[in-house]
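The values are calculated or read from the model by the stated rules, or taken from the named source; none is laboratory data. Just so it is clear, the structure is predicted and the values come from calculations on it, not from any experiment. Every residue, glycine among them, receives a Cβ derived from its backbone with ideal geometry; neighbour counts consider all protein chains shown. Areas reflect the complete protein model, heavy atoms only, side chains present, ligands, DNA and RNA absent. Shrake-Rupley method; radii C 1.70, N 1.55, O 1.52, S 1.80 Å.
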Amino acid sequence: MTKILVTGALGQIGSELAEKLAQIYGSENVLITDIREPEQNHLDIPYQKLDVNDEQAIKDIVINNQITEVYHLAAMLSATAEKYPIQGWNLNTNSLLTFLELAKDKKLSKIFWPSSIAVFGRGAAADMTPQEEVTNPLSMYGVAKVAGEGFCEIYHQKYGVDVRSIRYPGLISWKTLPGGGTTDYAVDIYYKALEDKKYESFIGEGTALPMMYMDDAIRATIELMQAPKEDLTIHTAYNLQGITFTPEEIAAEIKKHISDFEISYAPDYRQAIADSWPNSIDDTQAQKDWNWKPEFDLDSMTVEMLKHLKSKLQ
Ligand code: NAD
């Protein structure tokens, strides 16, 4: 019997992933948790408050609810972690170790924990960044993700823990706002296009970043978690490519639907983080090991984003 715990479940990814997990496994077999209270639990999935900085609270919730699998999404994202580096480091590393320890002690059978393209930095090829590439990140967030990948590999190799991970690119969605990442501009731009017909981008012209539509990211996560264990060869985190574009390319795509839309540029501290990240990702290994293939491109994602946001903003 699969009993799933989702941490950070009210965030950009968690809110959509929990819904999908509830459809697959049944709402009664999913427990959503967050440090925040839900505004409304429209999903009808059981909720409990959980601060993942509280090691004992994590242990209690796993044992008391006979949890078998965890999707550990609670984190401090890249832009926020630059402002609060110590809190970011502690949150992004300690809680993962707590879950890995529970799995080592056979209290959990499977863990999903997301890494990020932020693991790359100095010395890494920017175009089609390979799976096995140097990871010298220039952000505190990236340093914590590299550490996390290392923990996953060690717990897998030494203790046989089944922990699976993806280096998500920047994720674009309309249901829940992003929570303080460097790629948030690619969500903001759609809102501002519909509301004001103009957008001032905090990421500069010509900055290409790897991105992905949320539907693809959720499907990737579930496909990876359902893949046969023996097929998986990467025990740090899988590279995953979706769509690469620059601010002017996404603006041009939006202009096809909103002809008087205008973009301007005012890069801020997030530009330095973006400059240290890849432009595109080589995900050959994910294709080989679990048949990964994205479905959305910039064109189809823009159609979906504008359609859904238009009705949401009415
Ligand atoms: P988010 O900021 O939208 O959501 C994170 C959630 O964690 C929030 O609901 C927040 O309330 C909760 N949280 C914060 N501190 C907590 C604590 N101490 N205890 C419990 N909950 C706490 O983030 P997201 O975009 O959903 O990201 C989820 C994971 O995916 C993170 O590990 C993030 O690093 C990773 N990731 C996200 C992206 C992206 O573009 N969204 C890209 C790469 C990796």
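Counting only helical runs of four or more DSSP H residues, what would the 222 nm mean residue ellipticity of the chain come to if each run contributes -39,500 (n - 2.57) and the total is spread over all its residues?
Dividing the helical sum by the residues of the chain leaves -13000 deg cm²/dmol.
Protein chains only, probe 1.4 Å: how do Trp174, Trp290, Trp89 rank by accessible area, largest first?
If we order Trp174, Trp290, Trp89 from most to least accessible, we get Trp89, Trp174, Trp290.
Where is the GNM fluctuation largest for the chain (alpha-carbon springs, 10 angstrom cutoff): Pro267, Pro278, Pro85?
For the chain, modelled as a Gaussian network with Cα springs under 10 Å, the answer is Pro267.
Along the charge dipole of the stretch 230-287, pointing to its positive end and built from +1/-1 on Cβ of Lys, Arg, Asp and Glu, which listed residue (Thr236, Ala251, Thr284) has its Cα farthest out?
Ala251
I want to verify a result. In a Gaussian network model of the chain, Cα cutoff 10 Å, which of these has the top mean-square fluctuation: Glu39, Glu132, Glu195?
For the chain, modelled as a Gaussian network with Cα springs under 10 Å, the answer is Glu39.
If I build a Gaussian network model for the chain, linking alpha-carbon pairs within less than 10 angstrom, which residue out of Arg36, Arg219, Arg167 has the largest mean-square fluctuation?
Arg36
If you place +1 on the Cβ of every Lys and Arg, -1 on the Cβ of every Asp and Glu, and leave all else neutral, what size is the dipole of the stretch 189-244 about its Cα centre, to the nearest 20 Debye?
In total the dipole reaches around 100 debye.
Under a Cβ-only charge scheme (Lys and Arg +1, Asp and Glu -1), can you give me the dipole magnitude of the stretch 186-314 about the Cα centre, in debye to the nearest 20?
340
Suppose accessible area is computed on protein heavy atoms with a 1.4 Å probe; arrange Tyr199, Tyr84 from highest to lowest.
Tyr84, Tyr199
Residues with beta-carbon under 15 Å from that of Asp215, excluding Asp215: net charge, scoring Lys, Arg +1 and Asp, Glu -1?
Net charge around Asp215: -3.
Determine which lysines satisfy two conditions relative to Lys3: a Cα distance under 16 Å, and not lying fewer than 8 residues away in the same chain.
Lys20, Lys59, Lys106, Lys107, Lys110
Assign unit charges at the C-beta atoms only (+1 for Lys and Arg, -1 for Asp and Glu), then state the dipole size of the stretch 12-157 relative to its Cα centre in Debye, rounded to the nearest 20.
The calculated dipole for the stretch 12-157 is roughly 260 debye.
Which semi-axes, in whole Å and largest first, does the equivalent ellipsoid of the stretch 167-314 have when worked out from the alpha carbon gyration tensor as the square roots of 5 times its eigenvalues?
After diagonalising the Cα gyration tensor, the semi-axes are 29, 17, 12 Å.
Show Thr284, Thr7 ordered by accessible area, largest first, where the area counts protein heavy atoms only and the probe is 1.4 Å.
Thr284, Thr7
Put +1 on the Cβ of each Lys and Arg and -1 on the Cβ of each Asp and Glu in the chain; which of Leu21, Val161, Ile203 then has its Cα farthest toward the positive end of the dipole?
Val161
Using a 1.4 Å probe and ignoring any ligands, DNA or RNA, find the accessible area of Asp54 and quote it in Å² to the nearest 10.
Asp54 exposes around 70 Å² with every protein chain in place.
Number of Lys-Lys pairs in the stretch 124-220 under 25 Å by Cα, sequence gap 8 or more or different chains?
Number of lysine pairs found: 4.
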